[in-house]
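**Q** Okay, here's the structure, questions in a sec.
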Amino acid sequence: MTFELEPRLRARERILEEIRHMLIERLRVARHPDEIDPDTPLFGSGLGLDSLDAVELLVCLDADFGVKLPDDVLGRAGMRTVNSLVDLVLAKRESDAAVGG
Amino acid sequence: MPPLEDEILAMRSSVAVSRMDHVCQVRITGERAYEALDRIVAADLRIRDGQLIHSLFLDEEAHPFADVFIASDEDEFLILAEGPRPEALLSYVRRHLGSGAEVEDRSAENAVVSLDGPYAWELLSLVAGGDVVGLPYLTHFRFDRGICYRAGKTGEYGYGLIVPREQVEDLSRLLLERGSDLDVREAGLEALDRCALENSYFNIRREGREPLTPIELQLQWRVSYEKPYVGSEALSRARREGVRRRVTWLLAEGAVPEGGDIRLRGRSVGRVVNAGHSIGSESIALGLIDLEWAHPGVPALQITENGTPCCARSITPPLWNNRSLFVSPQIHSYATRHEFPFPPLARA
């Protein structure tokens, strides 16, 4: 188990960078990538996203990462912080790799 | 059930009423109140009348001095601060406030009572009227007893009632009476702090005691790099130079000591800066961890103090399916809560 830890964390860091750029470029978050901490809340105070942004975020997660979430309260509950999004993308990629591999 | 766990359960499933005697207040007035306050607070002070922002006052080394909500109220600003004593807050603001603005201590006259929980809005509507149901997050309005604002640090619906201090006993009694059908409970600061930790809210009385910047504390969303303010130079310098550690949430199989050494494969990678018992027999902890490992998904961590190890893993908070995410004031009520298939409180 432990020998897989470092590659998994480096994969996490790459996804984190991709998510930060998606938030800046697609969701118009007016921050530099290094200002977006991994556990920053997405909605409310945090990055200040609103309900319209939530719909756009669902579209981006699907288009950019192949992550499909329902457009309902359950789907939005999975999008609490930047790290919540990283978890979703990482799980999707690991699932794809398991199926493909 | 121990009283503390009972208080937390009320916050997570119904509503809890808390006296916020640790919150101090100052009011900023004057024709240049906005400009003067904008040179102190770490966030851009972009708020309209009736809104609040959540930010920080920093010291000159960019370490948090106060955890603040700032409310814009008819050309004046009300600061609600956790961390310093009232006299220390007053001294800090006076020291840094420029000309054209005055500061007035409000802590002696006013107090805050908070309502937190998925049905906090329902209890509040019984006391402050039905308008509270539509109150957006980080806004406030006046009611017959004082000012009501919506904020909270528990992950649930949260409201603060700012009222004259002599009315606090009467208001608390009224809330507990009116809320009996909602199974309301009185809750203390320890319950509020536990819920804040479980939902990854910053606690200035715990990790805030450490000499850390908003970068290490993952609080950059509360600061600006676009303007000068107290601590901004030190913060920009820390950003340029980079930090070595970052706070990360941990779930541990047993009690965790604050200050405990966090080890991975026998090597120290950080230490615990906040901790508390959480779901079941597990503890939630906040670790200050080397950047290389400061991510969720690190298993097999060991936390030690005095030689007794405790197993832990890093996680993505929150630990709860906060019921408030699923409760809509337009649809639900505490009386009909069993008619809806809400997810279990604890996340799998």
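All of the numbers you see were taken from the coordinates with simple rules; none came from a lab. It should be emphasised that the depicted structure is a prediction, and the values quoted were computed from it without experimental measurement. All Cβ positions, even for glycine, are placed from backbone atoms using ideal geometry, and neighbour counts span all protein chains on display.
**Q** Is the stretch B:49-65 home to any residue that is within 18 Å of B:Y201 (Cβ to Cβ) and charged (D, E, K, R)?
**A** Among the residues of the stretch B:49-65, not one is within 18 Å of B:Y201 (Cβ to Cβ) and charged (D, E, K, R), which makes the answer no.
**Q** I'm checking my understanding of the structure. Among residues of the stretch B:185-205 that are in contact (Cβ under 8 Å) with a residue 60 or more places away in the chain and closer than 15 Å to B:L56 by Cα, which one is surrounded by the fewest Cβ atoms within 10 Å (Cβ to Cβ)?
**A** The extreme case among them is B:R205.
**Q** Another question about this same structure. Within the stretch A:62-77, does at least one residue satisfy the condition of being within 12 Å of chain B (Cβ to nearest Cβ), assigned to a loop (DSSP other than H, G, I, E, B), out of contact with any strand residue (DSSP E or B) (no Cβ under 6 Å at 6 or more places or on another chain) and farther than 30 Å from B:P341 by Cβ?
**A** No - not one qualifying residue is present in the stretch A:62-77.
**Q** Moving on to the next point. Do you know which residues across the stretch B:293-328 are of a type in the set (A, V, I, L, M, F, W, C), over 30 Å from B:A120 (Cα atoms) and out of contact with any Lys or Arg (no Cβ under 8 Å at 6 or more places or on another chain)?
**A** Once the filter is applied, which keeps residues that are of a type in the set (A, V, I, L, M, F, W, C), over 30 Å from B:A120 (Cα atoms) and out of contact with any Lys or Arg (no Cβ under 8 Å at 6 or more places or on another chain), the stretch B:293-328 yields B:W293, B:C310, B:C311, B:A312.
**Q** If you don't mind, there's one more thing I want to ask. For the stretch A:6-33, how many residues meet the condition of being at the interface with chain B (Cβ under 7 Å from one of its Cβ atoms) and over 11 Å from the mean Cα position of the chain (by Cα)?
**A** Number of matching residues: 2.
**Q** Of all residues in the stretch A:34-58, how many are more than 7 Å from every other protein chain (Cβ to nearest Cβ), of a type in the set (G, A, S) and in contact (Cβ under 8 Å) with a residue 24 or more places away in the chain?
**A** 1
**Q** May I ask you to list the residues in the stretch B:37-93 that are of a type in the set (G, A, S) and more than 25 Å from B:E233 (Cβ to Cβ)?
**A** Matches in the stretch B:37-93: B:G50, B:A71, B:S72.
**Q** Filter the stretch B:192-232 down to residues that are part of a helix (DSSP H, G or I) and of a type in the set (A, V, I, L, M, F, W, C) and give me whichever is farthest from B:A294 (Cα to Cα).
**A** Within the stretch B:192-232, the match that is farthest from B:A294 (Cα to Cα) is B:L192.
**Q** To continue, here is another question. With the condition being within 16 Å of B:S107 (Cα to Cα), without any contact (Cβ under 8 Å) to a residue 40 or more places away in the chain and under 15 Å from the mean Cα position of the chain (by Cα), I'd like the strands (runs of 3 or more DSSP E) fully within the stretch B:48-93 carrying at least 2 qualifying residues.
**A** The strands (runs of 3 or more DSSP E) meeting that bar are B:64-73.
**Q** In addition: So, in the stretch B:329-339, of the ones that are within 14 Å of another protein chain (Cβ to nearest Cβ) and surrounded by 12 or more Cβ atoms within 10 Å (Cβ to Cβ), which residue ends up nearest to B:A120 (Cα to Cα)?
**A** Filtering the stretch B:329-339 for residues that are within 14 Å of another protein chain (Cβ to nearest Cβ) and surrounded by 12 or more Cβ atoms within 10 Å (Cβ to Cβ), the one nearest to B:A120 (Cα to Cα) comes out as B:P329.
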